[in-house]
1. Residue under question is residue 134, and the condition is that it be more than 14 Å from residue 100 (Cβ to Cβ) and more than 9 Å from ligand 2 (Cβ to nearest atom); does it hold?
2. Output the residues belonging to the stretch 164-181 that are more than 16 Å from ligand 2 (Cβ to nearest atom), touching a Pro at 6+ places or on another chain (Cβ under 7 Å) and not small (Gly, Ala, Ser).
3. Would it be correct to say that residue 149 is of a type outside the set (A, V, I, L, M), touching a Cys at 6+ places or on another chain (Cβ under 8 Å) and crowded, with 16+ Cβ neighbours inside 10 Å?
4. Tally the residues that are within 16 Å of ligand 2 (Cβ to nearest atom) and within 16 Å of residue 63 (Cα to Cα), restricting the search to the stretch 79-107.
5. Within the stretch 182-234, which residues are of a type in the set (S, T, N, Q) and over 17 Å from the mean Cα position of the chain (by Cα)?
6. Give the residues of the stretch 107-152 that are among the hydroxyl-bearing types (Ser, Thr, Tyr) and under 26 Å from residue 91 (Cβ atoms), sorted by residue number.
7. Has the stretch 141-163 got at least one residue that is among the β-branched types (Val, Ile, Thr) and away from ligand 2 (no atom under 16 Å from the Cβ)?
Amino acid sequence: MKSSPRPQAGEGQGEGNAHYKFNEQAIFQQSSPHLSPLPPAGEGAKNSMKLVILDRDGVINQDSSQFIKNPDEWIAISGSLEAIALLNQSGFKVAVATNQSGISRGLFDMATLNAIHDKMHHALASYGGRIDAIFYCPHAADEHCHCRKPEAGMIEEIGKRFSVDLTGVPAVGDALRDLQAFANAGCQPILVRTGKGETTLAASLTHADKALPANTWICADLAEAVQMILEMDD
Ligand SMILES: [Mg+2]
Ligand SMILES: [Zn+2]
């Protein structure tokens with residue numbers, strides 16, 4: 001798994017930067033959960049930081065079965081950028097966790113992925129919103145890594161990097177593997193019907209092995225999901 005900090009452009013809230021400016025060594029130093037001191041009984045579940053985790057394709061931007069291979073193919077879903085800005089204004093940090101096996105397949109390279117994310121950051125900045133960190137898995141399914149969703153590795157890494165207990169952290173996705181990864185990490189899974197969402201929902205109703213994780217919230221799109229997250233936060 002890799003992560004990239006948001007670009008310098010549009011920056012200005014300096015005190016928040018430390019939350020995503022970690023070096024690789026810090027990741028490895030924190031790699032064993034057994035090294036973390038246990039919280040006192042009855043405490044620790046309450047996070048001082050509010051965090052939301054988002055899948056990218058089909059949640060923030062339109063999905064494509066042909067992969068999003070260049071910035072031109074990255075097109076925001078209506079209302080999604082405003083929704084992220086609303087989360088920010090309500091005190092939430094926003095982290096993205098995205099499978100990008102197109103890198104392993106050679107469909108695009110890291111420079112292109114960064115260019116796609118630059119476009120996303122700049123589009124978001126025009127709405128006054130920000131994504132605090134993007135975590136991506138560059139591997140193909142047959143590489144059997146621990147970061148590719150439905151594995152929970154990428155989600156757990158976000159929890160470590162933000163020092164947040166993931167229990168109940170809202171996490172939004174359009175594919176079953178997103179929801180499974182979120183649920184496996186203890187998050188509150190939220191399905192949106194954009195992207196693959198409608199297909200995911202239909203399959204869950206007809207195939208027992210494609211059932212949604214227990215207590216998955218179902219929303220029309222990210223805008224509705226954010227409304228629900230903010231209502232529950234009150
Ligand atoms: Mg997706
Ligand atoms: Zn991976």
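What follows is calculated from the coordinates using simple rules that are stated; it is not laboratory data. From a predicted model like this one, the values you see are computed outputs, not experimental measurements. Cβ placement follows ideal geometry from the backbone for every residue including glycine, while neighbour counts extend to all protein chains displayed.
1. Numbers: more than 14 Å from residue 100 (Cβ to Cβ): no; more than 9 Å from ligand 2 (Cβ to nearest atom): yes.
Considered against the rule, which asks whether it is more than 14 Å from residue 100 (Cβ to Cβ) and more than 9 Å from ligand 2 (Cβ to nearest atom), residue 134 comes out as no.
2. Matches in the stretch 164-181: 179 only.
3. On the way: of a type outside the set (A, V, I, L, M): yes; touching a Cys at 6+ places or on another chain (Cβ under 8 Å): yes; crowded, with 16+ Cβ neighbours inside 10 Å: yes.
Taking the combined requirement at face value, the residue satisfies it.
4. 8
5. In the first step, residues of the stretch 182-234 are kept if they are of a type in the set (S, T, N, Q); the result is 184, 188, 194, 199-200, 204, 206, 215-216, 227.
Those that are of a type in the set (S, T, N, Q) and over 17 Å from the mean Cα position of the chain (by Cα): 199, 200, 204, 206, 215, 227.
6. First, pick out the residues of the stretch 107-152 that are among the hydroxyl-bearing types (Ser, Thr, Tyr): 112, 126-127, 136.
126, 127, 136 - these are the residues of the stretch 107-152 that are among the hydroxyl-bearing types (Ser, Thr, Tyr) and under 26 Å from residue 91 (Cβ atoms).
7. We begin by selecting, within the stretch 141-163, every residue among the β-branched types (Val, Ile, Thr); these are 155, 158.
Now narrow it down to the ones that are away from ligand 2 (no atom under 16 Å from the Cβ): none.
There is no residue in the stretch 141-163 that is among the β-branched types (Val, Ile, Thr) and away from ligand 2 (no atom under 16 Å from the Cβ).
Here's the yes/no breakdown for (1) over 24 Å from residue 82 (Cβ atoms); (2) within 15 Å of ligand 1 (Cβ to nearest atom); (3) in contact (Cβ under 8 Å) with a residue 60 or more places away in the chain; (4) part of a loop (DSSP other than H, G, I, E, B):
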| residue | (1), (2), (3), (4) |
| --- | --- |
| 139 | yes, no, no, yes |
| 145 | yes, no, yes, yes |
| 154 | yes, yes, yes, no |
| 165 | yes, no, yes, yes |
| 172 | no, yes, yes, no |
| 180 | yes, yes, no, no |
| 189 | no, yes, no, no |
| 199 | yes, yes, no, no |
| 203 | yes, yes, no, no |
